[in-house]
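No lab work stands behind these numbers, since they all come straight from the coordinates. Remember, predicted model here, so these are calculated numbers, not experimental data. When we count neighbours, we look across all protein chains shown, and the Cβ atoms used for this are built from the backbone with ideal geometry, even at glycine.
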Amino acid sequence: MNRRQMLKTTGAFLVAGIPWFHLLAARAGETEQTRRRKSCILLWMPGGPSQAHTFDPRPGENEGFAPAPTSVPGIQICEHLPKMSQQMRHLALLRTMETRDGTHDSAQPMMLTGYRPNAGGIRHPTLGSVVACEFAQADAELPNFVCLSQAGMEHLTPAYLGARHAPFVTAPGQGVPDVNPAAGLTLDDLQQRTALLDRLSRDFVQRYPGQAPAAHATTLQRAERLMRSSRLSAFDLTREPHYLHSAYGPTSFGQQCLQARRLIEAGVPFVQVACAPPEASGPGRTQWDCHTETQPTLRNVLLPALDRPMAALLEDLSVRGLLETTLVIWMGEFGRSRNGQNHNPRNWCVAVAGAGVRGGVAMGGATTPNGYRPVNTADLYATFMKALDIDQGKEHVLRNGRPINIVDGGMRANPVNEIF
Amino acid sequence: MKRAFTIFAMLLFASLLQASPLWSQEVRDPVKVAAELDRVIDSKLREAKIPASSLSDDATFLRRVSLDLSGRLPTPAQAADFLDSKDGQKRQQLLENLLKQPEYGKRFARYWIELLAKRNDMQNAFPGFFEKWLAEEFNQGKGWDHIVREMVLAKDNTPQTYFLMTNVERDISPSRTTSSVGALFLGQQLQCAECHRHPSNRAWKREDFWGLAAFFGRTKLENSKEKGKQGRMIVDVDVSPLEKGPKVDPKTPKDKRPVRNLLPAGTLEIPDANDNAIAVGLATAKYLEGDKAKLGDKGSYREPYAAWLTSPKNPYFARAAVNRLWAYFFARGFVNPLDAMEPDNAASHPEAIDLLTKEFIASGFDYRHVIRCICSTQAYQRSSQAVKGNESDQNLFSHMPVRVVSGPHLLELYEQVLGKYKGPQEKSSKGRKGAVPLDKQSTDVLVDTAGYDERPDEYTLGITQALRLMNRYLPERQQAFVAELVKSGKSQDEIVEQLYLKMYSRRPTATERADIRAFLQQQGEPARGYAGLVWVLLNSPEFMAIP
């Protein structure tokens, strides 16, 4: 027996979690009894947010961006995040990120996959696809990976995990793309068509018993089932009460966060949203990448855009008991120089909450006396996997027999254990 | 002068190879080669006591070979002619006709673009001109050795630079190029040796990988300096890269940093596997399992590399190409995976791959010759319906696999049937590179499958893609086609037969006709009925499968 024959796919799903009864009671008819496994919301901050102006400020450093006390004694964040400062008890701040890459084009795919681009000569799947693949259920009606923003889309590849783990891309309140019958057709028309399709293709599917014809037939059936599913209401934001709409706010990021919570509640394992207010862009600056007009853009546009929706999301998840099982990640592709103007992949900050993460902690940083070791990309991904109950040592075996670790370096990566 | 001499020496070397008796065997009759291949395959089946399925019917063969060699569905008239012809040689004639058409080159160009596009994750290049160029090379019958040399030696911004451009990180990446050459042209996962000793071929060490990469150490991407020319060009410079030097604190001012020297000619540093900024050794340009290259201070390093790569004496080059071609038709090669032709991974039919490799070299690396040999085999012409006793056979070629038309190819087929879509244009992209409109992305999702040598018999689409096809893509695109159908004034039977010939290259059975008649009656209005029927036929597994 050689090496190749010894390699085996480890395909077992990790489905762990706790029952979900209190929610079932509240939303009878919309959900069915289901075991609660972990889920994840990625709040993507394209362009690279300044740690000094968000979650790791230093007194006297940037005028008009003073550190302000939070609901957790001893931890200070920027004064322009007043609502987030009230959510500090949920949040763990990783302030010693050290990721070595300060170029958007390569740092974005790196932070979204956990691997430096093309490491080992292959493309790597994005975090959402990895989680979707781990938690995918064959009979799930809703998609496993929903992306509510275009920002960073070009890096969201499922790579070797296959197209079925690609993100469903839509916008808040817009529902599942293409889920309604084409203009002029009803669901009944469609049913008549699929009945004919079924009759005409039955012979073909039976004659050629390979995987492909049957898989296509099944996929069409599942698509049709989704079109009729009551679970589509998970995409309907008009069902959310007025007070929640106002808590999250009317902005794109606010609506995305509200949509994300609704999807997570309905059982979608991974939702990606992005805070990228168009008003932040101008000459020399796009999204969080403000090389010019740095301080006014942060103060007037970016920080207000971030504060209210993110705080509302954490509060809402927490009230519903969903934060216990939902990992919320706040991250960009790198941090910035202390004045916020330039790219800097050293000593920058990622914030995480939920899914067993102990809130109210800050690892290292400008105002914490106890330092902390540098946390690299693989360590960060190992931390995500730990929170999601996914074995960081798991391997996927590629078609050519090559094993690829789900986290770069496998068990050698060091999760930030102190936040659990 | 030195450079001219090198080229002269290489030409001399090449002409000696041509004349050498070892490689100058005559090109044989493909039908005879096919018979030999069949003997090898059949004797393996007999040994394993596995029966072979019978030959496929004409309709299945017609659709299969047309899609494989031209990427196109036969027209209804061509299909009817072929089905009705009583000529005993008609399959062989069809094969020859298909290889003569320009669509042949286009199909194989697109096959290669699908492979390369997956590696183009940084989206540095667009394949439009490359497709045209490669199709023309195939159509003119240029040898595969010549084609690969053109790609590896590409300069300026010619169409053939596409291959190297898919290996750009910030500049042409020597390590990435070496991995791509290994996987695509040599059937080897050389990149395993990028960071450590190769796990299946212990003889290959990091020095071997980086020794190959060193040939690309002086190949650079530069902004065009010529007036009127825009964009980036590939050039060979006469200067070696700078050494990485000791690690410096980024806060050190520029004038306080240590001076870094140029590397010696023909070398490249081996980076630490965990930190690209640290060098752990120095590799000298060296052919795989061969000698160190004699490289001067000046001139292209790529030329001797390309000559070594595509030489008939390279034990991997021709064999990998033949294995890949076989897999193109059978969904698996003699050696699998296609990029793992390693010592511990034996071929399923060693005599067959040896024979085809010999033929390929003897024919001057002619794709068409190998294709003729493969498509003339009984094995290729078999049905994909299993018979008792061979249901579970997956590697002895007792029956053909049912393959799935690839994503990009499927979109082509829809266009062939329905005509070019003249609907509203998709919105143009705005802002940063890669900010593609939603519309385009969802089509891309259909196109961008596993990204890693997925098998052609594997179905990779999910519900997202199904919804898009069912509810948007097909309904939009079939409108004009259905309107024509209704206007045509043909009888219902005639229309149904034409649709079957057009999409499936066969005539409908009596049961199918009856089912369709009932459906059309139920739908009432002909426009409504035919819209439903066309939708059903295009969404059926039979349309996207190649049995």
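Over all other residues within a Cβ to Cβ distance under 12 Å of B:K244, the charged ones net out to -2, with Lys and Arg as +1 and Asp and Glu as -1.
The length gained on full extension between B:E476 and B:E289, counted as 0.36 nm times the residue separation minus their Cα-Cα distance, comes to 61.7 nm. Counting Lys +1, Arg +1, Asp -1, Glu -1, what net charge surrounds B:Y104 among other residues with beta carbon under 12 Å of its beta carbon? Net charge around B:Y104: +2. Using a ≥ b ≥ c from the Cα gyration tensor of the stretch B:144-302 (square roots of the eigenvalues), is it rounded, prolate or oblate, where a/c under 1.5 gives rounded and otherwise the larger of a/b and b/c decides, a/b for prolate? The shape class here is oblate. Please sort through the DSSP H helices of chain A and keep those with an alpha-carbon extent of at least 27 Å along the long axis and a Kyte-Doolittle average not below -1.0. In chain A, the long hydrophobic H runs are A:187-207. In this simple spin-label model, placing a label point 7 Å from the Cα along the Cα-to-Cβ direction at both A:Q341 and A:V397 gives a separation of 5.5 nm. Note on B:S491 and B:E391: the extension gain reaches 31.8 nm, defined as 0.36 nm multiplied by sequence separation minus the Cα-Cα distance. Annotation: the residues B:C192, A:C257, A:C349, sorted from fewest to most other C-beta atoms within 10 Å of their own C-beta, follow the order B:C192, A:C349, A:C257. D by Stokes-Einstein for chain A, Kirkwood Rh over Cα pairs, 25 °C, 0.890 mPa s: 109 µm²/s. Taking Lys and Arg as +1 and Asp and Glu as -1, the other residues whose beta-carbon sits under 15 Å from that of A:D56 total +2.
Between the Cα long axis of helix B:58-70 and the first principal axis of chain B there is an angle of about 30°, rounded to the nearest 10. Taking 7 Å steps out from each Cα toward its Cβ at B:K298 and A:T186 produces label points 8.2 nm apart.
For chain B, the longest principal axis of the Cα atoms and the long axis of helix B:474-487 meet at an angle of about 40 degrees. Between B:H196 and B:A80, the FRET efficiency from the beta-carbon distance, with R0 = 45 Å, is close to 0.15.
In nm, to one decimal, how far is the modelled label at B:L242 from the one at B:D255, with both set 7 Å along Cα→Cβ? About 1.7 nm, to one decimal. The stretch between A:A66 and A:N417, if pulled fully straight at 0.36 nm per residue, gains 123.4 nm over its current Cα-Cα span.
Label zone (B:Q92, point 7 Å along Cα-to-C-beta; backbone nitrogen cut-off 19 Å) within the stretch B:370-410: B:370-382. Note on A:Y372/B:L282: beta-carbon distance plugged into 1/(1 + (r/R0)^6) with R0 of 30 Å gives a FRET efficiency of 0.25. The alpha carbon gyration tensor of the stretch A:77-206 gives principal lengths a ≥ b ≥ c with a/c of 1.5 or higher and a/b greater than b/c, which makes the shape prolate.
With the convex hull constructed from alpha-carbon coordinates only, chain B shows a mean projected area of 30.9 nm² over all directions.
As a calculated quantity, the FRET efficiency between B:Y421 and A:S230 at R0 = 45 Å, using C-beta atoms, amounts to about 0.85. Each eigenvalue of the Cα gyration tensor of the protein assembly as shown, multiplied by 5 and square-rooted, gives one semi-axis; in descending order these are 48, 40, 24 Å.
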